[in-house]
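Reviewing the structure listed below.
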Amino acid sequence: MKKLMSCKVVHLLNHDNVRQLIFQYYYKFSVQLSMHTIEIIIFKYFIWLINLLAQLEEFGRMRPVIVVHGGAGRIFKEREEGCRTGVVRAALRGYGVLKPGGSALDAVEEAVRSMEDDPHFNAGCGSVLNEKGEVEMDAIIMDGKNLASGAVSAVKCIANPIKLARLVMEKTKHMLLTDHGAQLFAQAMGVPEIPGEKLVTERSRERWKKNLEPDSNPVEFQNKSFVTDGWVGSPSALAYQFEIRDLGTVGAVAIDSEGNVACATSTGGLSNKLVGRVGDTACIGSGGYADNCSGATSTTGHGESIMKVVLARLILYHMEQGMSPEMAADTALEYMKTRVGGLGGVIVVSSSGEWAARFSTKQMSWATVKDDELHYGIYAGERHTKSVAEALASESEGL
Ligand SMILES: NC(=O)C[C@H](N)C(=O)O
């Protein structure tokens with residue numbers, strides 16, 4: 001039986017039609033097989049190409065950086081932790097804008113706004129008071145892409161002067177609005193007015209009152225003092241200097257993934273200042289400057305000294321001459337000290353993403369985020385480092 005079956009198969013295989021059929025199937029199968037192999041190769045090549053393009057795009061994109069400051073001067077011990085926490089929070093907020101591809105302009109506004117809302121700083125809520133016991137604030141913002149800038153000075157009764165400065169930049173033909181005009185503009189833009197009292201903290205009220213006492217020494221908390229230890233390596237350390245004590249103007253500089261830079265600065269100015277005094281913060285080139293060709297800076301310190309040397313622009317000038325941000329910052333601060341006796345601090349980011357936070361005062365609270373790494377400090381030489389993930393996790397618990 002078995003033999004009969006195998007004979008039949010051999011017979012069938014010998015049949016021409018059957019052989020042709022088998023050949024057709026074999027051919028079709030092998031063609032399908034080779035098509036499949038080609039498809040796999042094409043697919044693999046396609047994936048490789050996409051990866052390569054992604055890498056090339058990544059290569060061409062700037063790694064975003066944000067640097068913030070919470071003011072240069074003398075920060076009292078009991079306020080140090082609050083200032084550290086505040087600058088770290090602001091840097092993380094700004095980086096949160098930059099990381100998914102947001103603009104440098106949005107990032108600096110966000111960072112400054114977070115410090116204006118923090119009563120530890122002399123900006124927005126927490127601003128120092130003028131001689132009449134009122135809050136009068138200055139702010140500036142600048143876009144390094146087109147050198148557009150907006151500023152406000154001597155503004156009262158708004159929570160976030162930096163927002164108003166940005167509106168001046170974007171919605172008017174002007175660059176600086178002051179006092180009553182700024183107030184009218186804020187109303188026209190629908191910026192909510194808040195009672196001036198809401199910006200006044202117990203601390204700034206006490207400071208103001210103390211400065212009014214007949215035997216008080218207002219300059220102790222204003223802008224003049226004998227500096228004995230403020231400048232490392234200075235032979236003339238006893239020279240009469242202008243220094244800021246415990247007054248934290250706020251500022252931010254950033255570069256985004258498109259390579260655009262921006263700066264923002266906001267302040268309540270100087271304690272017991274004359275009504276209507278406008279400081280460096282509102283003045284382009286003094287309180288801040290941003291230019292995609294070189295970088296961005298935001299300044300803090302004795303405003304009148306900063307204006308005399310046009311500190312922010314001076315730093316960028318040094319960078320244009322080939323100095324690193326750190327060297328440019330130190331050179332400009334040294335010049336301000338020796339030329340006009342003023343102390344202060346600056347933050348800088350260059351158009352290639354290098355950054356610096358430098359000061360000639362005893363302290364300056366600062367923080368920066370680059371490559372998902374956070375750095376922050378207050379004293380000269382103090383530098384803590386954390387990953388952004390770690391910092392975000394511990395943010396709610398404090399540092
Ligand atoms: N603390 C400060 O930075 C004060 C500010 N530069 C001003 O003079 O208005």
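The values are calculated or read from the model by the stated rules, or taken from the named source; none is laboratory data. No experiment lies behind these values; they were computed from the predicted model shown. Cβ atoms come from the backbone with ideal geometry, glycine included; neighbour counts cover every protein chain shown.
All told, residue 124 meets the bar of being assigned to a loop (DSSP other than H, G, I, E, B), within 14 Å of the ligand (Cβ to nearest atom) and at pLDDT 95 or above. Selection of first residues in the stretch 292-305 that are near the ligand (Cβ under 9 Å from one of its atoms) and of second residues that are assigned to a loop (DSSP other than H, G, I, E, B) and among the polar types (S, T, N, Q), restricted to Cβ pairs under 6 Å at least 6 apart or on distinct chains, gives the following pairs, ordered by first then second residue: 300/249; 302/223.
Within the stretch 180-194, the set of residues being over 19 Å from residue 149 (Cβ atoms), in a helix (DSSP H, G or I) and in contact (Cβ under 8 Å) with a residue 12 or more places away in the chain comprises just one member, 183. Each residue in the stretch 307-330 was checked for being more than 22 Å from residue 279 (Cα to Cα) and hydroxyl-bearing (Ser, Thr, Tyr), and 1 pass.
A single member of 383, 339 is in contact (Cβ under 8 Å) with a residue 12 or more places away in the chain and of a type outside the set (A, V, I, L, M), and it is 339.
Screening 389, 357, 393 for residues that are surrounded by 15 or more Cβ atoms within 10 Å (Cβ to Cβ), small (Gly, Ala, Ser) and assigned by TED's automatic domain parsing to the domain that holds residue 309 leaves exactly one candidate, 357.
Take the stretch 363-380 and flag every residue that is part of a loop (DSSP other than H, G, I, E, B) and either within 24 Å of residue 314 (Cβ to Cβ) or at pLDDT below 95 (or both). Quick ask: steps written out before the conclusion?
Quick first cut of the stretch 363-380, residues part of a loop (DSSP other than H, G, I, E, B) only: 371-372, 380.
Correct list: 380 only.
Quick check, is residue 346 within 26 Å of residue 136 (Cα to Cα) and surrounded by fewer than 21 Cβ atoms within 10 Å (Cβ to Cβ)? Let's see the steps before the verdict.
Numbers: within 26 Å of residue 136 (Cα to Cα): yes; surrounded by fewer than 21 Cβ atoms within 10 Å (Cβ to Cβ): no.
It is false that residue 346 is within 26 Å of residue 136 (Cα to Cα) and surrounded by fewer than 21 Cβ atoms within 10 Å (Cβ to Cβ).
Within the stretch 232-245, identify whether any single residue is away from the ligand (no atom under 14 Å from the Cβ) and at pLDDT 90 or above, and answer yes or no.
The first filter runs over the stretch 232-245 and keeps only residues away from the ligand (no atom under 14 Å from the Cβ), leaving 232-241.
Checking which are at pLDDT 90 or above leaves us with none.
Among the residues of the stretch 232-245, not one is away from the ligand (no atom under 14 Å from the Cβ) and at pLDDT 90 or above, which makes the answer no.
Residue count for the stretch 269-291 under the criterion of being part of a loop (DSSP other than H, G, I, E, B), aliphatic (A, V, I, L, M) and near the ligand (Cβ under 9 Å from one of its atoms): the result is 2.
Among the candidates 86, 96, single out the residue that is in contact with a strand residue (DSSP E or B) (Cβ under 6 Å, 6 or more places away or on another chain), modelled with pLDDT of 80 or more, in the same structural domain as residue 393 (by TED's automatic domain parsing) and under 30 Å from residue 165 (Cα atoms). Walk me through how you get there before you give the answer.
On the way: 96 fails: in contact with a strand residue (DSSP E or B) (Cβ under 6 Å, 6 or more places away or on another chain).
Unique residue meeting the criteria: 86.
Tell me, which residue of the stretch 258-268 that is touching a helix residue (DSSP H, G or I) at 6+ places or on another chain (Cβ under 7 Å) and more than 12 Å from residue 142 (Cβ to Cβ) is nearest to the ligand (Cβ to nearest atom)? Before the answer, list the steps.
Taking the stretch 258-268 as the starting set, the residues that turn out to be touching a helix residue (DSSP H, G or I) at 6+ places or on another chain (Cβ under 7 Å) are 260-267.
Remaining after also requiring more than 12 Å from residue 142 (Cβ to Cβ): 266-267.
Working: 266: 10, 267: 5 Å.
Across the stretch 258-268, the extreme among qualifying residues is 267.
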